[in-house]
1. Considering only Leu17, Ser83, Met38, whose Cα is most displaced toward the positive end of the charge dipole of the chain, charges sitting on Cβ of Lys, Arg (+1) and Asp, Glu (-1)?
2. For the chain, report the accessible area per residue in Å² (1.4 Å probe, heavy atoms, rounded to an integer).
3. Under a Cβ-only charge scheme (Lys and Arg +1, Asp and Glu -1), can you give me the dipole magnitude of the stretch 20-122 about the Cα centre, in debye to the nearest 20?
4. Placing +1 on the Cβ of each Lys and Arg and -1 on the Cβ of each Asp and Glu in the stretch 55-111, which of Leu111, Gly96, Gly60 has its Cα farthest towards the positive end of the resulting dipole?
5. Kirkwood hydrodynamic radius for the stretch 21-75: how many Å is it when counted over pairs of different Cα atoms?
6. Each residue of the stretch 2-15 in order: what ³J(HN,Hα) in whole Hz does its phi give by Karplus 6.51 cos²θ - 1.76 cosθ + 1.60, θ = phi - 60°, with x for Gly and Pro?
7. Can you list the HN-Hα couplings for the stretch 100-115, worked out from phi with the Karplus curve (6.51, -1.76, 1.60; θ = phi - 60°), rounded to whole Hz and with x for Gly and Pro?
8. In deg cm²/dmol and to the nearest 500, what is the mean residue ellipticity at 222 nm of the chain if only DSSP H runs of at least 4 residues count, each as -39500 (n - 2.57), divided by the residue total?
Amino acid sequence: MSEGLIIDDNRSTADALKQMLDVLDVPSRVAYGSGPAMSFMGSMVPRFVCLDINMPGVDGTEVLAYLRREPRLLKVPVIVITSDDQPETRQRVMHGGAQAILIKPATIDSLEDALKKVGVIK
């Protein structure tokens, strides 16, 4: 089974998501920012992506656009996890190809629901 990929420049948030996924028995790895994430996705296709939007440099919307442009990554489910609760942001990321959005701080229950929604777990 392939791993999911958590992309967040905030180490505490990324590590907390990793711990929640471990509890849910969902294999994942962490990329602390878009640069490491792009390196990982250059050689591997993640099972799913948990993606922060507000990151320095290449932000989450640009990573999402890349995922939807790259044929081998096109069908990877994306769960956006952000502190930005504005309707415009929600609309932009869902229109951009995300399958779910969670507002930080995510809980294990909300993460589990999102994973079910995108078909990662039953």
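1. Sorting the options by dipole projection puts first Met38.
2. Numbers: 6240 Å² over 122 residues.
Counting only protein heavy atoms, the per-residue value for the chain is 51 Å².
3. Values: 12 positive and 12 negative charges, 96 e Å.
So the magnitude is around 460 debye.
4. Positive-end residue among those listed: Gly96.
5. Numbers: mean 1/r = 0.0840 Å⁻¹.
So the Kirkwood estimate lands at 11.9 Å.
6. Values per residue, Gly and Pro as x: 7, 8, x, 10, 9, 10, 7, 6, 8, 4, 4, 5, 4, 5 Hz.
7. 7, 9, 10, 9, 5, x, 6, 9, 5, 5, 5, 5, 4, 4, 5, 5
8. Numbers: 5 runs with 52 residues, N = 122.
Mean residue ellipticity at 222 nm (helix-derived): -12500 deg cm²/dmol.
The values are calculated or read from the model by the stated rules, or taken from the named source; none is laboratory data. This one's a predicted model, so the numbers in the text were calculated from it and none came from an experiment. So basically every Cβ, Gly included, is an ideal-geometry build from the backbone, and we count neighbours across all protein chains shown. The accessibility values were calculated without ligands, DNA or RNA, using every heavy atom of the protein model including side chains. Shrake-Rupley method; radii C 1.70, N 1.55, O 1.52, S 1.80 Å.
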